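Below is one structure, written out as structure tokens; comments come after it.
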């Protein structure tokens with residue numbers, strides 16, 4: 001085996017909360033899937049560690065049949081320990097482990113000689129930071145410039161990429177405002193409702209209910225009034241139906257966005273995005289070109305009359321250039337090459 | 001370093017739910033502490049991996065300051081991953097890792113060459129069995145003959161040992177029945193209450209409330225009536241006060257007991273035990289000699305008039321012989337020697 005070929009063996013460690021790719025919600029699994037499929041298309045030898053029902057053109061290796069969020073009989077703790085350790089027990093079969101598994105996988109990384117790179121999809125709480133600090137000399141990729149923790153060995157930022165074929169351009173604008181995402185205060189569903197009420201425009205809400213109390217108290221009372229509808233969780237076809245009806249996507253996040261896949265998805269379909277200027281939103285949305293960055297509800301309402309000035313084809317073109325699977329995979333290839341080069345330098 | 005000395009370096013991996021030894025409740029940490037202190041007394045070089053506030057004559061290594069059950073600011077998942085992996089990252093410094101850390105530690109065991117033995121303190125649910133099955137060729141110790149899962153490589157049963165100096169013989173019987181343990185349906189507090197009510201004897205209940213609903217519905221309504229008292233959780237001094245007031249310990253477990261440390265503690269103090277004949281109880285209690293094994297409440301009530309026939313010094317002597325720290329440590333020394341011998345055989 002030549003040195004080059006030997007550098008091709010990638011273990012892709014996806015989460016096992018959901019299938020890879022997920023049926024509906026599951027952002028980390030979506031990204032892991034997109035990277036995997038993109039790498040395979042570009043000739044890499046990839047083994048995907050994911051749930052047994054996952055779908056991939058890579059080699060699939062699984063010890064957990066289904067996502068623990070999709071099968072109540074699975075103990076998440078058992079599933080995670082079995083799944084993560086399995087990849088490390090097979091580390092010698094790979095030249096690189098690419099982990100999407102949060103802080104847990106780091107705790108196995110020093111027990112193998114195969115290098116690892118972790119895409120940090122988000123810091124779920126401040127309590128996990130000490131783990132990242134302990135393993136700060138490992139290799140990390142951030143998904144936006146804004147979502148970084150100081151002191152970690154970042155090799156770069158690689159923006160998430162989406163499969164543009166899943167989100168065809170909707171040539172003309174619809175009549176409704178659209179909220180698409182987890183029903184959770186972080187995502188500002190209540191702010192989207194305020195914007196709809198103040199602007200008098202209909203609002204279509206879709207997404208899994210992650211915070212039941214929030215839904216019951218701040219979302220549900222408005223449903224069925226003021227042309228506000230809740231459509232439940234939607235699959236890909238459902239998303240495209242929403243984009244076809246969308247005048248704009250409202251994404252009024254209340255905490256810094258880590259990346260915001262849905263912003264890119266909406267833009268891919270030609271839908272302008274009105275996003276809170278917090279976290280990564282200004283990295284994804286070009287203010288005044290592919291949507292508007294706002295700081296509060298009133299600014300969001302005020303920008304709605306300028307939506308017609310957004311060029312829908314420019315929205316899509318921006319995604320094609322910056323947030324396509326190809327662009328993302330090229331980003332990861334650069335990261336992988338850095339790691340392989342460092343290894344070669346150390347061994348020479 | 002001679003081969004013999006090299007065999008002396010033991011990493012003792014205690015849980016980090018509580019301090020080692022625990023202040024009050026914490027059976028696994030208690031046993032890990034007793035083994036550690038016993039091994040050190042017998043000349044072994046032991047490093048105890050436990051919370052930072054732990055107390056030991058061994059070398060203490062900690063990455064988690066306090067037990068996650070004692071400090072709400074600690075994320076149990078973070079603490080466990082950091083703590084367990086730390087021991088394995090230092091595996092090369094040891095000749096043996098002795099794990100008290102349930103199934104999680106097994107998932108690191110194949111990534112190091114240092115052998116590991118796991119004391120299985122109990123199977124918390126059927127969902128963890130697949131992990132034990134995957135690692136069934138590792139080394140296991142059961143804490144009773146009854147608490148075994150088929151197919152695992154058991155090197156032996158080592159009964160838990162207690163520090164008898166902590167439980168001085170109470171020479172004369174008290175007047176009350178005593179329940180000591182977690183307030184949980186598994187431990188049959190409600191059955192102890194029934195026995196007290198049917199026999200007309202006072203009942204002293206002590207222990208942490210693990211199942212709040214159970215406490216509220218099946219225990220609390222009886223407190224303050226029929227001479228039934230709840231004393232909360234008790235420390236060692238509190239236990240001895242209870243033993244001084246005890247006519248008998250009632251331990252009417254509703255599921256198979258795994259070992260039953262409290263049975264040995266009561267017997268050490270000279271207190272006879274009335275125990276349900278389920279699981280390991282018949283391995284700890286000699287029926288008619290150190291207490292009585294029963295199958296239901298009526299049998300428990302019926303045996304109370306025979307308590308005076310139990311020789312309290314025989315109760316203590318039985319614990320001295322079979323459930324002392326020395327006896328336990330000798331048991332583990334035999335297990336360790338088996339492992340070292342197997343290693344030597346493989347290397348020769």
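Couple of notes before you dig in:
- Among the residues making up region A:158-177, those that are under 17 Å from the mean Cα position of the chain (by Cα) and crowded, with 19+ Cβ neighbours inside 10 Å are A:158, A:159, A:160, A:161, A:162, A:164, A:167.
- Pick from region B:135-182, criterion in contact with a helix residue (DSSP H, G or I) (Cβ under 7 Å, 6 or more places away or on another chain) and free of Cβ contacts under 8 Å to residues at least 60 places away in the same chain, ranking: nearest to residue B:206 (Cα to Cα): B:149
- One residue stands out among those in region A:180-204 that are within 19 Å of the chain's Cα centre (by Cα) and closer than 12 Å to residue A:223 by Cβ: the one that is surrounded by the most Cβ atoms within 10 Å (Cβ to Cβ), which is A:189.
- Residue within region A:40-53 that is more than 14 Å from chain B (Cβ to nearest Cβ), touching a residue at least 40 places away in the same chain (Cβ under 8 Å) and within 18 Å of the chain's Cα centre (by Cα) present: no
- Residue in region A:104-135 that is modelled with the lowest pLDDT, counting only those that are more than 14 Å from chain B (Cβ to nearest Cβ) and out of contact with any strand residue (DSSP E or B) (no Cβ under 8 Å at 6 or more places or on another chain): A:122
- Tally of residues being buried (at least 18 other Cβ atoms within 10 Å of the Cβ) and within 14 Å of chain B (Cβ to nearest Cβ) across region A:64-76: 5
- Odd one out for residue B:225 among (1) touching a helix residue (DSSP H, G or I) at 6+ places or on another chain (Cβ under 8 Å); (2) part of a loop (DSSP other than H, G, I, E, B): (1)
- The residues listed here are A:87, A:72; of these, the one that is in contact with a strand residue (DSSP E or B) (Cβ under 8 Å, 6 or more places away or on another chain) and assigned by the TED database to the domain that holds residue A:337 is A:87.
- Condition check for residue B:90: within 14 Å of chain A (Cβ to nearest Cβ) and either farther than 15 Å from residue B:333 by Cα or surrounded by fewer than 22 Cβ atoms within 10 Å (Cβ to Cβ) (or both): yes
- Tally, over region B:246-262, of residues that are surrounded by fewer than 24 Cβ atoms within 10 Å (Cβ to Cβ) and over 23 Å from residue B:298 (Cα atoms): 2
- Elements of type helices (runs of 4 or more DSSP H) contained in region B:239-348, each with 1 or more residues being over 28 Å from residue B:138 (Cβ atoms) and not assigned by the TED database to the domain that holds residue B:113: B:261-268, B:281-284, B:297-303, B:312-322
- The single residue among A:126, A:138 that is surrounded by 18 or more Cβ atoms within 10 Å (Cβ to Cβ) and more than 29 Å from residue A:240 (Cβ to Cβ) turns out to be A:138.
- Criterion: closer than 28 Å to residue A:30 by Cα, buried (at least 19 other Cβ atoms within 10 Å of the Cβ) and more than 20 Å from the chain's Cα centre (by Cα) - qualifying residue of A:340, A:292: A:292
- Take the conditions (1) on the phi < 0 side of the Ramachandran plot; (2) surrounded by fewer than 20 Cβ atoms within 10 Å (Cβ to Cβ); residue B:104 misses just one of them, which is (2).
- Residue count for region A:27-52, restricted to those that are surrounded by 19 or more Cβ atoms within 10 Å (Cβ to Cβ), in contact with a helix residue (DSSP H, G or I) (Cβ under 8 Å, 6 or more places away or on another chain) and not in a helix (DSSP H, G or I): 5
- All conditions in (1) assigned to a helix (DSSP H, G or I); (2) in contact with a strand residue (DSSP E or B) (Cβ under 9 Å, 6 or more places away or on another chain); (3) closer than 20 Å to residue B:272 by Cβ hold for residue B:219, with the sole exception of (3).
The values are calculated or read from the model by the stated rules, or taken from the named source; none is laboratory data. The shown structure was predicted, so the numbers you read here are calculated from the model rather than taken from an experiment. Positions of Cβ are generated from backbone atoms using ideal geometry, with glycine treated the same way; all protein chains shown enter the neighbour counts.
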